[in-house]
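Worksheet: the structure to be examined is printed underneath.
The values are calculated or read from the model by the stated rules, or taken from the named source; none is laboratory data. If you're wondering where the values come from, they're calculated on a predicted model, not measured in any experiment. Positions of Cβ are generated from backbone atoms using ideal geometry, with glycine treated the same way; all protein chains shown enter the neighbour counts.
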Amino acid sequence: MKKKTTEKQVIRKIKVRRRFKKHGSNPNPSPESRWKKGQSGNPKGRPKEPIRKRELRKYSRAFIAELYNKLIEKDIDELREMSNDFTIPSIECIIASALLKDRLEGTVQNTDKILDRAIGRVVQEISGVGGEPLVPPQIVFTPVASPESGVVDKGPEDSKGES
């Protein structure tokens with residue numbers, strides 16, 4: 001004899017099916033497709049970084065700044081030629097491409113991003129009046145006596161009536 005399923009169980013099964021259908025997973029995978037004991041979840045390992053990104057890390061900040069200053073003087077045609085030339089070091093190609101894109105768009109966003117990542121953002125110091133360091137104001141709390149202790153703090157309106 002088959003066991004009757006309740007309405008709650010039917011609704012739950014429908015919700016489970018919808019959830020797995022939505023996320024693309026199988027709620028009941030076959031034994032062949034399940035994880036094997038001792039099997040890695042990522043057999044090929046972490047993907048390698050692109051060569052250009054790895055090469056970018058090799059250069060010092062001073063070298064990148066010097067290269068940027070050299071390339072900023074070039075015109076659009078020279079930058080276009082450099083950005084497509086794969087015989088030059090990739091750092092030159094990357095900066096030339098960013099400068100070219102910025103000049104064509106009339107912005108500095110691409111170059112700004114590269115310089116921020118390669119050299120680092122400029123530290124902006126905040127100072128007070130006359131170059132003095134900023135000091136947060138000191139807040140002094142004075143305790144107010146409670147009526148149970150017998151001492152009541154008189155406010156300005158109470159002290160006017162007394163003389």
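Observations on the model:
- Count of the range 53-80 residues which are at pLDDT 90 or above, surrounded by 13 or more Cβ atoms within 10 Å (Cβ to Cβ) and not aliphatic (A, V, I, L, M): 3
Residue-by-condition table, conditions (1) more than 16 Å from Ile64 (Cα to Cα); (2) at pLDDT below 85:
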{"site": "Asn84", "(1), (2)": "yes, no"}
{"site": "Ile88", "(1), (2)": "no, no"}
{"site": "Cys93", "(1), (2)": "no, no"}
{"site": "Val108", "(1), (2)": "yes, no"}
{"site": "Ile114", "(1), (2)": "no, yes"}
{"site": "Gly120", "(1), (2)": "no, yes"}
{"site": "Gln124", "(1), (2)": "yes, yes"}
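- Checklist (1) surrounded by 10 or more Cβ atoms within 10 Å (Cβ to Cβ); (2) over 25 Å from Pro50 (Cβ atoms); (3) at pLDDT below 80 applied to Pro143, failing item: (1)
- Sole exception among (1) at pLDDT 75 or above; (2) of a type in the set (Val, Ile, Thr); (3) outside any helix (DSSP H, G or I) for Ile14, by number: (3)
- Among the residues making up the range 46-100, those that are in a helix (DSSP H, G or I) and of a type in the set (S, T, N, Q) are Asn69, Ser83, Asn84, Ser90, Ser97.
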